[in-house]
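Reviewing the structure listed below.
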Amino acid sequence: MNNKDFISRLSEITDMPATETQHVVDTIISAMGRQFENGDVVQIPSFGQFEVKKHKERVMVNPTTGKRMLVPPKLVLGFKPSSSIRIHFKKGGED
């Protein structure tokens, strides 16, 4: 599902115009982005939580050349699904 499909489906469910729905989604995404920049966890009830994880600097070895390389530290966005979502997918997505 791409952004256009998502917005049209969401606007049908909420009975809001597509432009207004797009504005609401953009506002939510930008608010979540600000929280990630601050290093905060964003939790969505019955869905899961998003958090920024810090990966430390490490040494990697190229398997073909055997050359050692330094991988710089970086921030990665992680997602941990809620238990209800996890159970739903374990059942194969069927209720």
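The values are calculated or read from the model by the stated rules, or taken from the named source; none is laboratory data. Treat the numbers as computed from the prediction; the structure is a model and nothing was measured. Heads up, the Cβs are rebuilt from the backbone with ideal geometry, glycines too, and the neighbour counts pull from every protein chain shown. Just so you know, the surface numbers come from the protein's heavy atoms only, side chains and all, with ligands and any DNA or RNA stripped out. Shrake-Rupley method; radii C 1.70, N 1.55, O 1.52, S 1.80 Å.
Check region 36-48 and report whether any residue there is on the phi < 0 side of the Ramachandran plot, open to solvent by less than 60 Å² (accessible area, probe 1.4 Å), β-branched (Val, Ile, Thr) and in a strand (DSSP E or B).
yes
Residues in region 9-46 that are in contact with a strand residue (DSSP E or B) (Cβ under 7 Å, 6 or more places away or on another chain) and closer than 23 Å to ILE85 by Cβ: how many?
6
Tell me, which residue of region 73-95 that is more than 19 Å from GLU37 (Cβ to Cβ) and part of a loop (DSSP other than H, G, I, E, B) is modelled with the lowest pLDDT?
Step one: filter region 73-95 for residues more than 19 Å from GLU37 (Cβ to Cβ), giving 80-95.
From what is left, the residues that are part of a loop (DSSP other than H, G, I, E, B) are 82, 91-95.
Working: SER82: 93, LYS91: 81, GLY92: 78, GLY93: 67, GLU94: 67, ASP95: 59.
Checking each candidate, the answer is ASP95.
Just the residues that are of a type in the set (Val, Ile, Thr), more than 19 Å from the chain's Cα centre (by Cα) and open to solvent by 60 Å² or more (accessible area, probe 1.4 Å), please, taken from region 15-35. It would help to see each step written out before you state the result.
Initial filter on region 15-35 (of a type in the set (Val, Ile, Thr)): 19, 21, 24-25, 27-29.
Cutting the leftovers down to more than 19 Å from the chain's Cα centre (by Cα) gives us 19, 21.
THR19, the sole residue that qualifies.
Name, by its number, the condition in (1) farther than 23 Å from HIS88 by Cβ; (2) open to solvent by 50 Å² or more (accessible area, probe 1.4 Å); (3) part of a helix (DSSP H, G or I) that does not hold for ASP5.
It is condition (1) that ASP5 fails.
For region 54-76, give me each residue that is open to solvent by 100 Å² or more (accessible area, probe 1.4 Å) and in contact (Cβ under 8 Å) with a residue 12 or more places away in the chain.
Listed by number, the residues that qualify are LYS54, LYS56, GLU57, ARG58, LEU70, LYS74, LEU75.
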